[in-house]
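Chemist: Below: one structure in structure tokens.
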Amino acid sequence: MAALRDVTIREGTQMPGREYGVEARVAAARALDRLGLDAVQVGFPVVGETDREAIRRVAGDDGVDADIVGIARARTGDVEAALDAEADVIEVFVPTSERQLENVLGTSREEAMEMAAAALDRAREGGAGVHLTLVDGFRTDPTHLVDAFERFPSVPTITVADTVGARIPDRVRTVVADLRDRGVDGDRLGVHFHDDVGVAVANTLAAVGAGATTADVSVASLGERAGNAALERVVVGDRIDGPGAFDLDETELVPVCEAVLDALDESVDPRTPILGRDVTTHESGIHTAAMLRDPATFEPFDPAEFGGKRRLVFGPGSGRGSAHGLLERAGIEPTDERIARLLDLLSERGPMDAAAASELVEGTF
């Protein structure tokens, strides 16, 4: 099975104007833990006390099973801050592409790897678990990625990041398959995608299908710029048309995502996949008529499987098929006269949900 590591809280704070407080972060992290995630990134400890205190609170909660992660640049000062925050795991990140080595660090590749080694060593000395993320890894020569895996054999997970959202699924499959062919252990291979060209979810599923076994995700794609791979879309996509790679409590998916959004005072557009209200609301007469018989006719998944709700709406837009179905479901013969009468009533009193429409039928005919 593959593991999901949530980055909602940490990535969300990188959006303009966001300042999640300690209580908001703690509530969001506790909600996320209900899913059975492998790890939850709660903050960047060197940034300030809010991040450190939130990590302390959640990592010290005996009721939270996920590893609580604090991130750190490949600098011992960052690691010290993460140790002070008592993070379960310190995720050290270091650039690996030529562009980022030159423009972010201003150092050679060897110097960057030495910095990463020192940071990882200090984290272990401090008693924390470690992860390593290769920043801009998907724009890095694969030979250098393999070198990093070989240089740090005791790091259990090394994540290759598409830091600027520059890749599409075919390239992702090629890179992951190439790394596996070059001897990289899939059990150690993680991926992290950004959604700058709208394919972070597809990239994540492609990477897992090609052999990566850890993936970073974020509720509702919260994260810097266009965000990250959406947790809920990755889970549902894998469930309905994937290999079934993730072992999570899927029935809690929508409630947990909604709880996280509430805790962080975030919202989603009504047409947002999985979480948007309009996505599981059906009003078209053709749709509702068929879905009264078999909801899967116009649904890719049953929302209830993920803790969501289906909404059939009846009103002015309802057609004869919908009225026929409502009467038939109530055990009333759907004569032309009754259908016409019901359509008039739905037009006058709607829109209404399926329960209200059924009550209307039973109270009228």
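The values are calculated or read from the model by the stated rules, or taken from the named source; none is laboratory data. What you see is a predicted model, and the numbers here were worked out from it, not measured in a lab. Note that we place each Cβ from the backbone using ideal geometry, even for glycine, and neighbour counts take in every protein chain shown.
Chemist: Give the residue, chosen from E328, E252, that is modelled with pLDDT of 95 or more and outside any loop (DSSP other than H, G, I, E, B). Break it down into steps so the answer makes sense when it comes.
Modeler: On the way: E328 fails: modelled with pLDDT of 95 or more.
Exactly one residue qualifies, and that residue is E252.
Chemist: Now for a separate question. Could you tell me which residue of region 164-193 is nearest to the chain's Cα centre (by Cα), considering only residues that are more than 21 Å from R109 (Cβ to Cβ), small (G, A, S) and surrounded by fewer than 20 Cβ atoms within 10 Å (Cβ to Cβ)?
Modeler: It comes out as G186.
Chemist: Which numbered condition in (1) touching a helix residue (DSSP H, G or I) at 6+ places or on another chain (Cβ under 6 Å); (2) crowded, with 24+ Cβ neighbours inside 10 Å is the only one that R34 fails?
Modeler: (2)
Chemist: Given the conditions (1) out of contact with any Asp or Glu (no Cβ under 7 Å at 6 or more places or on another chain); (2) surrounded by 15 or more Cβ atoms within 10 Å (Cβ to Cβ), and given that A330 satisfies all but one, which numbered condition is not satisfied?
Modeler: Among (1) out of contact with any Asp or Glu (no Cβ under 7 Å at 6 or more places or on another chain); (2) surrounded by 15 or more Cβ atoms within 10 Å (Cβ to Cβ), A330 violates only (1).
Chemist: Suppose the filter is touching a helix residue (DSSP H, G or I) at 6+ places or on another chain (Cβ under 9 Å), at pLDDT below 95 and farther than 30 Å from Q100 by Cα; does D61 pass it? Can you show your working first?
Modeler: Numbers: touching a helix residue (DSSP H, G or I) at 6+ places or on another chain (Cβ under 9 Å): yes; at pLDDT below 95: yes; farther than 30 Å from Q100 by Cα: yes.
It is true that D61 is touching a helix residue (DSSP H, G or I) at 6+ places or on another chain (Cβ under 9 Å), at pLDDT below 95 and farther than 30 Å from Q100 by Cα.
Chemist: How do the pairs read when you match residues in region 345-361 that are outside any helix (DSSP H, G or I) with residues anywhere that are buried (at least 18 other Cβ atoms within 10 Å of the Cβ) and among the hydroxyl-bearing types (S, T, Y), using Cβ under 8 Å and keeping only pairs 6 or more apart or on different chains?
Modeler: G350/S318
Chemist: Another question about this same structure. Does region 43-54 include one or more residues that are touching a residue at least 24 places away in the same chain (Cβ under 8 Å), closer than 30 Å to G211 by Cβ and in contact with a helix residue (DSSP H, G or I) (Cβ under 8 Å, 6 or more places away or on another chain)?
Modeler: Yes, because at least one residue in region 43-54 is touching a residue at least 24 places away in the same chain (Cβ under 8 Å), closer than 30 Å to G211 by Cβ and in contact with a helix residue (DSSP H, G or I) (Cβ under 8 Å, 6 or more places away or on another chain).
Chemist: Being among the aliphatic types (A, V, I, L, M), in a strand (DSSP E or B), in the same structural domain as V40 (by TED's automatic domain parsing) and crowded, with 18+ Cβ neighbours inside 10 Å is true for just one of A161, A212, A220, A207. Which residue is that? Steps first, answer last, please.
Modeler: On the way: A212 fails: in a strand (DSSP E or B); A220 fails: in a strand (DSSP E or B); A207 fails: in a strand (DSSP E or B).
When all the criteria are applied, what remains is A161.
Chemist: Anything in region 261-302 that is in contact (Cβ under 8 Å) with a residue 40 or more places away in the chain, under 27 Å from R10 (Cα atoms) and exposed (fewer than 14 other Cβ atoms within 10 Å of the Cβ)? List them, or say none.
Modeler: D265
Chemist: Residues that are surrounded by fewer than 20 Cβ atoms within 10 Å (Cβ to Cβ), assigned by TED's automatic domain parsing to the domain that holds T13, in a strand (DSSP E or B) and not basic (K, R): does region 90-109 have at least one?
Modeler: no
Chemist: Just need a number here: residues in region 215-247 that are over 9 Å from the mean Cα position of the chain (by Cα) and more than 17 Å from A28 (Cα to Cα). Let's see the steps before the verdict.
Modeler: Step one: list which residues in region 215-247 are over 9 Å from the mean Cα position of the chain (by Cα), which gives 215, 223-227, 236-247.
Next, only the ones that are more than 17 Å from A28 (Cα to Cα) stay: 215, 224-227, 236-247.
Of the residues in that region, 17 qualify.
Chemist: Which of the following residues is touching a strand residue (DSSP E or B) at 6+ places or on another chain (Cβ under 8 Å), in a helix (DSSP H, G or I), of a type outside the set (A, V, I, L, M) and at pLDDT 95 or above: R10, R5, R30? Even if it seems obvious, please write down each step before you answer.
Modeler: Working: R5 fails: in a helix (DSSP H, G or I); R30 fails: touching a strand residue (DSSP E or B) at 6+ places or on another chain (Cβ under 8 Å).
Unique residue meeting the criteria: R10.
Chemist: Also, quick follow-up: For residues that are among the acidic types (D, E) and either buried (at least 24 other Cβ atoms within 10 Å of the Cβ) or under 17 Å from the mean Cα position of the chain (by Cα) (or both), scanning just region 1-31, find the one that is nearest to V254 (Cα to Cα).
Modeler: Within region 1-31, the subset among the acidic types (D, E) is 6, 11, 19, 23.
Filter once more, so that each one left must be either buried (at least 24 other Cβ atoms within 10 Å of the Cβ) or under 17 Å from the mean Cα position of the chain (by Cα) (or both): 6, 11.
Working: D6: 15, E11: 20 Å.
It comes out as D6.
Chemist: Quick check: is even one residue across region 298-315 in a helix (DSSP H, G or I), at pLDDT below 85 and on the phi < 0 side of the Ramachandran plot? Spell out how you get there, then give the answer.
Modeler: Going residue by residue through region 298-315, those that are in a helix (DSSP H, G or I) are 298, 303-306.
Keeping just the survivors that are at pLDDT below 85 gives 298.
Next, only the ones that are on the phi < 0 side of the Ramachandran plot stay: 298.
Yes, region 298-315 contains at least one residue that is in a helix (DSSP H, G or I), at pLDDT below 85 and on the phi < 0 side of the Ramachandran plot.
Chemist: Look at F365 and say whether it is at pLDDT below 85 and in contact with a helix residue (DSSP H, G or I) (Cβ under 8 Å, 6 or more places away or on another chain).
Modeler: Numbers: at pLDDT below 85: no; in contact with a helix residue (DSSP H, G or I) (Cβ under 8 Å, 6 or more places away or on another chain): yes.
It is false that F365 is at pLDDT below 85 and in contact with a helix residue (DSSP H, G or I) (Cβ under 8 Å, 6 or more places away or on another chain).
Chemist: So, in region 223-259, how many residues would count as being surrounded by fewer than 17 Cβ atoms within 10 Å (Cβ to Cβ) and polar (S, T, N, Q)?
Modeler: 1
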